[in-house]
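Working notes, structure below.
The values are calculated or read from the model by the stated rules, or taken from the named source; none is laboratory data. Just so it is clear, the structure is predicted and the values come from calculations on it, not from any experiment. FYI the Cβ positions are ideal-geometry reconstructions off the backbone, even for glycines, and counts take in every protein chain you see.
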Amino acid sequence: MKTLALVILILFSVTALPAKAVVAEETRLTALLQSDAPPAAKEDACRRLKQVGTAQSVPALAALLSDEHLYQAACDALETLPYPEAGEALRASLKITAGNPKAGAIHALGERRDPSALPDLANLLNDPDPRVASASANALRRIGGPEAIRRLSEAVTRASDPVRSAIVDALIQCAVQCVTEGHRAEAAGIFEQFDDPKEKDHVRTAAYAGRIQSAGDRWLTLVTAGLESNDPSRQTAALHMARSMPDPDATITYTRLLANTSPAMQLALLGLLQERGDVRAVPAIVSATQGTDLSVRVAAVAALGTLGDSTAIPLLATAAASPEDSEQKAGRQALIELHRGNVAAALVAQLISANPEVQVELIRALAARSEKSAVPNLFLLARSDSATTRKAALQAIGRLADGSHLASLVELVNVANDETARADVRRVFESIVERTERTRRFDVTPIVKGLAGANVETRIALLQVSALFADAHLRAAFRAGLKDTDAAVREATARALCHSRDAELMPDLLELARHSKEVSLHALALEGYVRLAGDENSGFSAQKRAELLKPALELARRPEEKRVVLAALAEVTHPDALELVEQEVGDDVGKEAELARLQIAQALLPSAPAVAEKTLQRLATSARTDSVRTNAQSALKQFKTPPPGPR
């Protein structure tokens, strides 16, 4: 778009100039070309004359055609000037130039597609300079037409490389143009001439592709012959042309070839059939999935993902369960991509009856396809005797289920027969909450009911799950659990409470930290409290967060506990937080306290500059670590330096 706009502006600037101004500019530029101006200035003049020049500019431009440094700029201008004088000048230069300047003029004549230049160019096909002869062949290609083809055909019989290669390429391009113009017979003759084992591979490929293109209704016969041949050039051309020929009946031909050719050609045909998108190829592709060559099986499975329907699911699931890595990946991807027919219903229908290995792959596909209709069956499989099936089902439930399935999850906790199984279900609860907690509130009634009357193991597991939710009934369950007569329940409740996401339980966590004699439980409770108090998404103001963190700092017994509180305070942009941190000057956490002071003070500079500056000045002169001193000095310098005003 930018380029188009620039072109429009340039054209407008040219056409908008008054006629006298254009004439004056052309006169000035042609005079510059005839002066002793440096080459760069003359190149600029040529570029401008390409836009504003007339026949009056031609002599000055023509004079540069033999200049080794300026011929290209002159050729560029002359090739586009729409005046016969420009073509005459280029043709005249052929008699007085050599080497690159001569080749440049020839190229310009080709770009002009000037038929009057054809005799001169044809004669130059025999020039001893390969650059000149090759450029002439390319120019004749651009001009085209029967006479150009005749002269090129005469020259090719006596030419040698590299000129012969240029002539051959020119003839093939002329033949392509003949096809475009409807002269198929003329084109076919050229293509057949170079479809010869003595020619280079790329020439033979182009020639056979041209034969197909010019064959009319016989194109499929030639494509088939090329595919069946042992000639790589013909095979390449046939495959290329098969992709561009839309005849729907060709599918039958390609599927017939599929079963009776080499693995390499089978791979190519499978790719071709997949690209064509014709479902009539499916039976042949299904047969290819049973072959002995692994690469062919993989390609066939991939093609089924595109062309197959729900009936292909058993075959694809078996491939997905293959011990061969490439076949497994292809099967899994195909199950995800499959879209013809009622794929979701078919996947779900086969879940229960399949063997465990296939069940796992069907489950994986349903999860990847986000098929929520599979959730009821997945809950059934989550009780499977097969550990792999059970684990896969739970993982899929974690991706597909939502808050409406909490009752079914509680039931899975109830029937779990060991801690590993219960932990797997807990992770499903966590996955659902992580995915959906920002978009919905949860009805935790099933968890509340599950806690009532459950055995100790189930109750402990559900208390751990309860930490994921904020609910008054679950708070009551936590508080009751802390007073339970069963020591195991009390211990589990206390540890689950430490992971709670419910800010209403912060007083309970503080009390637990205050009264716990066990070092690890004290640390967990304190960490849980600090996590909730310092959470920016909690809705607490900065001042309230500082207030909540104050008792935590007082309860921190060990350096590692103090560091947890200091890290939370460092995120609180309020003078109260700074005041709390400044009280920690002991050797055990002195460095961490300085870092927290620096972070808070830097954040406070815009809102409380006096407080922040005072802290930064102390850190800049007396901080224990060099980095803190340096950063404090830098912050003060930036704060005191006024921003640059308008000039």
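Looking at the stretch 71-92 only, could you name the residues that are outside any loop (DSSP other than H, G, I, E, B) and of a type outside the set (Gly, Ala, Ser)? Scanning the stretch 71-92 gives Tyr71, Gln72, Cys75, Asp76, Leu78, Pro84, Glu85, Glu88, Leu90, Arg91. Taking residues in the stretch 55-68 that are farther than 17 Å from Arg91 by Cβ and modelled with pLDDT of 95 or more, and partners anywhere that are part of a loop (DSSP other than H, G, I, E, B) and not polar (S, T, N, Q), not one pair has Cβ atoms closer than 7 Å while being at least 6 places apart or on different chains.
Listed here are the residues, each with its yes/no results for (1) over 21 Å from Asp418 (Cα atoms); (2) in a helix (DSSP H, G or I).
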| residue | (1), (2) |
| --- | --- |
| Val489 | no, yes |
| Arg495 | no, yes |
| Arg501 | yes, no |
| Met506 | yes, yes |
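Of the conditions (1) surrounded by 17 or more Cβ atoms within 10 Å (Cβ to Cβ); (2) of a type in the set (Lys, Arg); (3) within 21 Å of Glu527 (Cα to Cα), Arg479 clears all except one; give me its number. With (1) surrounded by 17 or more Cβ atoms within 10 Å (Cβ to Cβ); (2) of a type in the set (Lys, Arg); (3) within 21 Å of Glu527 (Cα to Cα) applied to Arg479, the lone miss is (1).
Given the residues Asn260, Asn230, which is the only one that is at pLDDT below 95, closer than 30 Å to Val168 by Cα and of a type in the set (S, T, N, Q)? Being at pLDDT below 95, closer than 30 Å to Val168 by Cα and of a type in the set (S, T, N, Q) holds for just one of Asn260, Asn230, which is Asn230.
Among the listed residues Arg441, Arg427, Arg479, Arg435, which satisfies the condition of being under 17 Å from Arg501 (Cβ atoms), outside any helix (DSSP H, G or I) and of a type outside the set (S, T, N, Q)?
On the way: Arg427 fails: outside any helix (DSSP H, G or I); Arg479 fails: outside any helix (DSSP H, G or I); Arg435 fails: outside any helix (DSSP H, G or I).
Step by step, each of Arg441, Arg427, Arg479, Arg435 is checked, and only Arg441 is under 17 Å from Arg501 (Cβ atoms), outside any helix (DSSP H, G or I) and of a type outside the set (S, T, N, Q).
Of Ala472, Ala533, Ala523, all but one fail to be out of contact with any Phe, Trp or Tyr (no Cβ under 8 Å at 6 or more places or on another chain), within 19 Å of Arg563 (Cα to Cα) and either at pLDDT below 95 or of a type in the set (Gly, Ala, Ser) (or both); the exception is Ala523. When the residues of the stretch 108-143 are filtered to those that are under 15 Å from Ala170 (Cβ atoms) and either of a type in the set (Ser, Thr, Tyr) or out of contact with any helix residue (DSSP H, G or I) (no Cβ under 9 Å at 6 or more places or on another chain) (or both), the one that is surrounded by the most Cβ atoms within 10 Å (Cβ to Cβ) is Ser136.
Kindly evaluate Gln359 against the criterion of being of a type outside the set (Val, Ile, Thr) and within 12 Å of Asp424 (Cβ to Cβ).
Numbers: of a type outside the set (Val, Ile, Thr): yes; within 12 Å of Asp424 (Cβ to Cβ): no.
No; evaluated as a whole, the condition is false for this residue.
Quick check on my filter: what residues within the stretch 586-601 are of a type in the set (Gly, Ala, Ser) and either surrounded by 23 or more Cβ atoms within 10 Å (Cβ to Cβ) or in contact (Cβ under 8 Å) with a residue 40 or more places away in the chain (or both)? Even if it seems obvious, please write down each step before you answer.
Within the stretch 586-601, the first condition is being of a type in the set (Gly, Ala, Ser), and the residues that meet it are 586, 590, 593, 596, 601.
Selection gives Ala593, Ala596, Ala601.
The single condition among (1) touching a residue at least 40 places away in the same chain (Cβ under 8 Å); (2) touching a strand residue (DSSP E or B) at 6+ places or on another chain (Cβ under 9 Å) that Ala346 does not meet is (1).
Residues that are surrounded by 13 or more Cβ atoms within 10 Å (Cβ to Cβ) and under 36 Å from the mean Cα position of the chain (by Cα): find the helices (runs of 4 or more DSSP H) completely inside the stretch 157-270 holding 2 or more of those. Show your work before the answer.
Working: elements: 163-180, 184-194, 201-213, 219-228, 232-244, 250-258.
Helices (runs of 4 or more DSSP H) meeting the threshold: 201-213, 219-228, 232-244, 250-258.
Listed by first and then second residue, the pairs with beta-carbon distance under 7 Å, at least 6 apart or on different chains, first residue in the stretch 224-245 and under 14 Å from Leu267 (Cα atoms), second among the hydroxyl-bearing types (Ser, Thr, Tyr) and surrounded by 15 or more Cβ atoms within 10 Å (Cβ to Cβ), are Thr236/Thr205. Selection of first residues in the stretch 162-191 that are over 12 Å from Ala148 (Cα atoms) and of second residues that are buried (at least 17 other Cβ atoms within 10 Å of the Cβ) and of a type in the set (S, T, N, Q), restricted to Cβ pairs under 6 Å at least 6 apart or on distinct chains, gives the following pairs, ordered by first then second residue: Val163/Ser134; Ala166/Ser134; Val179/Gln213; Val179/Ser214; Arg184/Ser214; Ala187/Ser214; Ala188/Ser214. Per the conditions (1) of a type in the set (A, V, I, L, M); (2) free of Cβ contacts under 8 Å to residues at least 12 places away in the same chain; (3) within 16 Å of Val425 (Cα to Cα), the sole criterion not satisfied by Ala452 is (3). A count restricted to the stretch 97-134 and to residues that are farther than 18 Å from Ala77 by Cβ and either of a type outside the set (S, T, N, Q) or touching a residue at least 40 places away in the same chain (Cβ under 8 Å) (or both) stands at 17.
crowded, with 21+ Cβ neighbours inside 10 Å and closer than 18 Å to Arg141 by Cβ, is that true of Ala105?
Details: crowded, with 21+ Cβ neighbours inside 10 Å: yes; closer than 18 Å to Arg141 by Cβ: yes.
Answer is yes for this residue.
Each row is one residue, and each column tells you yes or no for (1) among the hydroxyl-bearing types (Ser, Thr, Tyr); (2) farther than 18 Å from Arg390 by Cβ; (3) modelled with pLDDT under 95; (4) touching a strand residue (DSSP E or B) at 6+ places or on another chain (Cβ under 6 Å).
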| residue | (1), (2), (3), (4) |
| --- | --- |
| Ala416 | no, no, yes, no |
| Ser431 | yes, no, yes, no |
| Arg441 | no, yes, yes, no |
| Ala454 | no, yes, yes, no |
| Arg459 | no, yes, yes, no |
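So Leu94 ticks every box in (1) crowded, with 23+ Cβ neighbours inside 10 Å; (2) without any contact (Cβ under 8 Å) to a residue 40 or more places away in the chain but one. Which box is left unticked? Going through the list (1) crowded, with 23+ Cβ neighbours inside 10 Å; (2) without any contact (Cβ under 8 Å) to a residue 40 or more places away in the chain, Leu94 breaks only (1). Report whether or not Leu463 is in a helix (DSSP H, G or I) and farther than 24 Å from Ser538 by Cα. No.
Yes or no: the stretch 395-405 includes at least one residue that is of a type outside the set (Val, Ile, Thr), under 17 Å from Thr458 (Cβ atoms) and surrounded by fewer than 16 Cβ atoms within 10 Å (Cβ to Cβ). Reasoning before the result, please.
Step one: list which residues in the stretch 395-405 are of a type outside the set (Val, Ile, Thr), which gives 395-396, 398-405.
In the following step, the residues that additionally are under 17 Å from Thr458 (Cβ atoms) were identified as none.
So far as the stretch 395-405 goes, no, none of its residues is of a type outside the set (Val, Ile, Thr), under 17 Å from Thr458 (Cβ atoms) and surrounded by fewer than 16 Cβ atoms within 10 Å (Cβ to Cβ).
With respect to the conditions (1) surrounded by fewer than 23 Cβ atoms within 10 Å (Cβ to Cβ); (2) in contact with a His (Cβ under 8 Å, 6 or more places away or on another chain); (3) of a type in the set (Gly, Ala, Ser), Ala63 falls short on a single one, namely (2).
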